[in-house]
Amino acid sequence: MKNIEKLGNFTSSDAPKYESIIQCMRCGFCLPTCPTFALTGRERSSPRGRVALARAVADGKLPFGNAMKEEAFFCLDCRACTTACPSGVQAGSLMEVCRAQVSQQHPQPKWQSAFRTFILQKMLPSPDLLETSMLPARLYQKLGIQWLVRNSKVLKLVPEWIDKAEGMIPELSQPLRQNLPELSPARGEKRGTVAFFLGCVMTLMYAEVSRQTVKILNHQGFDVITPKTQKCCGAPHLTEGDPETARQLASHNLDLFLALDVDAIVTDCGGCGTALKEYEEMLVEREDHQRLQKFHGKIKDISEFLIEVGIRTEGLKPVNKVVTYHEPCHLCHAQGISKQPREVIQSIPGVELREMKESSWCCGSAATFSLKFTEESQKILDRKLNNVKKTEAEVLVTSNPGCHLQLAWGLREAAMPQPVLHLCELLGEATPD
């Protein structure tokens with residue numbers, strides 16, 4: 001996708017491939033699956049409408065104007081349309097490419113551009129800087145300032161997205177990356193060795209989840225190697241239209257993990273897993289194809305890995321809970337992993353799984369979508385919470401940090417009693433220390 005021949009009114013750098021645009025047959029199978037089309041009823045806000053816009057730009061019939069710019073970011077990139085499409089059109093991935101075009105063809109004001117550059121090119125690629133940046137937030141909680149802010153009316157005076165962003169912050173602890181041993185040994189009969197890809201949000205906001213992931217893998221008989229020099233997977237950069245930094249991060253992680261003698265590279269973050277599996281396409285012009293294939297073959301979501309190797313259930317403690325499962329979009333639609341998390345849940349003694357209507361329908365998080373489009377995100381979330389309520393489950397289970405943040409905030413705002421647990425927290429309860 002880099003520096004190809006100029007395509008209509010796209011720039012030559014990071015433009016879409018024409019074949020990816022002309023695949024759409026306009027059959028409409030995607031329409032019932034698209035949350036933004038369901039909200040607006042607007043053709044241009046449907047997958048086929050967005051692809052049609054991109055084709056008009058590629059054919060030189062439309063400039064890369066405001067309509068294309070707006071739809072590139074209004075797309076949730078939930079990939080539900082790809083699951084439904086008989087032609088395999090990747091409308092979400094196409095909109096990611098169009099976001100890169102936005103940054104080239106619609107430059108932001110200097111201060112916004114400088115801030116964006118700092119976040120994407122300085123902070124996110126640096127684990128040390130990321131961890132340091134979270135210190136004020138931890139002090140904000142530990143010193144009681146958060147309690148004062150939330151129990152005053154001050155947040156009603158700020159823009160809605162700031163109020164929501166503050167409300168979504170979970171209880172923070174020290175980042176896990178520096179505290180996790182580089183090698184965590186297997187317990188019982190050893191079955192193999194895996195590398196653990198510890199995502200940025202997981203180490204910063206859900207350290208306990210990933211601690212449970214390592215405990216589970218150890219209990220299942222695997223040595224776990226967690227390289228401390230690993231970096232962001234690149235997903236935030238693709239989401240915000242910076243594919244070049246994403247490629248640089250991908251190259252770093254590819255070299256780092258391929259140097260390890262491991263059976264698999266396991267992640268407990270659905271978004272990270274999708275980005276890692278897409279390195280093959282991301283680096284196709286820069287890396288040896290065999291290396292990319294080898295790396296792709298080793299990437300496993302934790303549920304995918306556990307089901308493939310077989311779960312040791314001996315020694316698991318009963319967890320007497322009724323749960324329902326929300327499928328992260330980038331797990332079920334982007335990676336095709338749907339039955340495996342359910343099989344993991346059903347392997348836990350004492351757990352009753354109640355299926356939720358529209359379990360694979362987006363929760364409205366979609367990276368920064370929930371903050372950029374707060375009203376639309378709320379409507380999508382309300383649909384999800386209504387389906388959660390109907391199950392009468394005690395616990396809501398998911399396996400992606402973006403979903404976790406959005407759902408936990410939504411449940412609290414709606415005064416619903418269910419806690420949100422990551423799949424590994426649930427299995428971790430059953431796994432002896």
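The values are calculated or read from the model by the stated rules, or taken from the named source; none is laboratory data. Keep in mind that what you see is a predicted model, and the values were worked out from it rather than measured. Glycine also receives a Cβ, built like all others from the backbone with ideal geometry; neighbour counts cover every protein chain displayed. Ligands, DNA and RNA are stripped out before the accessible areas are found, and what is left, the full protein with its side chains, is counted by its heavy atoms. Shrake-Rupley method; radii C 1.70, N 1.55, O 1.52, S 1.80 Å.
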### Query
By average Cβ neighbour count within 10 Å, what is the ranking of 371-383, 128-140 from highest down?
371-383, 128-140
### Message
How much accessible area per residue does the stretch 207-323 have, counting only protein heavy atoms and a probe of 1.4 Å, in square angstrom?
### Response
35
#### Entry: Interchain or long-range residues, amide H under 5 Å from Gly221's placed H
Arg187
### Query
Nearest-5 percent of antiparallel DSSP beta bridges in the chain?
10
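Once neighbouring chains are kept in place and the probe is 1.4 Å, which whole percent of the accessible area of the chain is contributed by carbon and sulfur?
55
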### Task
Determine which lysines satisfy two conditions relative to Lys164: a Cα distance under 17 Å, and not lying fewer than 8 residues away in the same chain.
Lys153, Lys156, Lys372, Lys379
### Summary
Contour minus Cα-Cα span, Asp288 to Glu189, at 0.36 nm per residue, comes to 32.0 nm
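What's the extension gain from Ala114 to Thr368 if we count 0.36 nm per residue and subtract their Cα-Cα distance? The partial results should precede the final answer.
Details: separation 254, 0.36 × 254 = 91.44 nm, distance 1.82 nm.
Once the chain is fully extended between Ala114 and Thr368, it gains 89.6 nm.
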### Task
Before rounding to the nearest 500, sum -39500 (n - 2.57) across all DSSP H runs of length at least 4 in the chain and divide by the residue total; then give [θ] at 222 nm in deg cm²/dmol.
-14000 deg cm²/dmol
### Message
Can you work out the Karplus-derived ³J(HN,Hα) for every residue in the stretch 36-41? Use 6.51 cos²θ - 1.76 cosθ + 1.60 with θ = phi - 60°, whole Hz, and x for glycine or proline.
### Response
6, 5, 4, 6, 9, x
### Message
Ranking request for peptides 149-160, 207-218, 183-194: highest mean number of other beta-carbon atoms within 10 Å first, then the rest in descending order.
### Response
207-218, 183-194, 149-160
### Message
Defining a contact as two alpha carbons under 8 Å apart and six or more residues distant in sequence, what relative contact order in percent does the stretch 57-103 show?
### Response
37
### Extension gain from Gln141 to Lys69, taking 0.36 nm per residue of separation minus the Cα-Cα distance
22.2 nm
### Query
What list of ³J(HN,Hα) values in whole Hz, one per residue of the stretch 20-35 in order, does the Karplus curve 6.51 cos²θ - 1.76 cosθ + 1.60 (θ = phi - 60°) give from phi, with Gly and Pro shown as x?
6, 8, 7, 5, 5, 9, 6, 6, x, 4, 6, 4, x, 9, 9, x
### Task
Straight distance only, please: which lysines reach the Cα of Lys6 with their own Cα at less than 29 Å, same-chain residues fewer than 8 apart left out?
Lys17, Lys61, Lys69, Lys110, Lys277
### Query
Which one of Ala56, Ala264, Ala415 has the biggest mean-square fluctuation once the chain is modelled by GNM with Cα springs under 10 Å?
Ala415
## Note on the structure
Probe 1.4 Å, heavy atoms of protein chains only: per residue, the accessible area of the stretch 1-135 in Å² is 48
### Query
Peptides 336-344, 392-400: what's the order by average Cβ count within 10 Å, highest mean first?
392-400, 336-344
### Query
Based on the Cβ-Cβ distance of Leu157 and Glu394, what FRET efficiency does E = 1/(1 + (r/R0)^6) give at R0 = 45 Å, to the nearest 0.05?
0.75
### Query
For the chain, modelled as a Gaussian network with Cα springs under 10 Å, which listed residue fluctuates most, His326, His237, His289?
His289
### Message
Keeping every protein chain present and rolling a 1.4 Å probe, give me the accessible area per residue for the stretch 388-433 in Å².
### Response
37
#### Entry: Mean Cα-pair separation over length for the stretch 246-355, i.e. relative contact order, pairs under 8 Å, 6 or more apart, %
28
### Task
For Leu421, list long-range residues whose amide hydrogen, built 1.01 Å from N in the peptide plane, is under 5 Å from its own amide hydrogen.
Leu396, Val397, Thr398
### Task
Over the chain, calculate the relative contact order: mean separation of alpha carbon pairs under 8 Å at least 6 apart, over the residue count, as a percent.
14
